[in-house]
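These notes are about the structure you will find just below.
The values are calculated or read from the model by the stated rules, or taken from the named source; none is laboratory data. Because the structure is predicted, anything quoted here is derived from the model rather than measured. Cβ placement follows ideal geometry from the backbone for every residue including glycine, while neighbour counts extend to all protein chains displayed. All accessible areas refer to the heavy atoms of the entire protein, side chains included, with ligands and DNA or RNA removed. Shrake-Rupley method; radii C 1.70, N 1.55, O 1.52, S 1.80 Å.
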Amino acid sequence: VRLVESGGGLVQPGGSLRLSCTCDDRIFSIYAVGWYRQAPGKQRELVASITVDGITVYGDSVKGRFTISRDNAKNTGYLQMDNLKPEDTATYYCAGFAENVENWGQGTRVTVSD
């Protein structure tokens with residue numbers, strides 16, 4: 001089972017990006033999905049998560065700016081990022097979690113800069 005992130009890139013402060021996390025297996029529908037990020041020299045942190053039932057949790061630094069969602073029919077999770085700030089610069093990873101199962105993507109780089 002593979003998770004593949006896409007949608008990263010360079011954006012100016014105040015801009016938006018939408019990250020996608022596509023799974024190559026229908027097992028995605030039973031995954032809780034999490035988006036994490038890691039900036040150089042910093043620990044990986046939870047950005048947002050969504051359960052199978054659609055319950056969402058956000059990190060304090062992104063509340064009100066980021067929105068996590070999922071489309072099980074497409075085996076894909078999303079992270080809509082609005083009003084981006086330079087401190088959002090990091091590599092973003094998606095992960096899928098189920099009982100005794102944990103899968104991570106390879107990451108997609110997001111750079112917020114003028």
**OP:** Check off (1) touching a Leu at 6+ places or on another chain (Cβ under 9 Å); (2) over 18 Å from residue 84 (Cβ atoms) for residue 13 and give me the number that stays unchecked.
**Re:** (2)
Subject >> Contacts under 6 angstrom Cβ, first residue in the range 57-82 being crowded, with 18+ Cβ neighbours inside 10 Å, partner aromatic (Phe, Trp, Tyr) and part of a helix (DSSP H, G or I), 6 or more apart >> reply: 75/28
Original post:
Can residue 87 be described as open to solvent by 70 Å² or more (accessible area, probe 1.4 Å) and either hydroxyl-bearing (Ser, Thr, Tyr) or not in a loop (DSSP other than H, G, I, E, B) (or both)?
Top reply: yes
**OP:** Go through the range 15-26 and give me each residue that's open to solvent by less than 50 Å² (accessible area, probe 1.4 Å) and over 12 Å from the mean Cα position of the chain (by Cα).
**Re:** 15, 23
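Let's see how each residue does on (1) of a type outside the set (Gly, Ala, Ser); (2) modelled with pLDDT of 95 or more; (3) in contact with a Pro (Cβ under 6 Å, 6 or more places away or on another chain):
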position	(1), (2), (3)
10	yes, yes, no
16	no, yes, no
70	yes, yes, no
112	yes, yes, yes
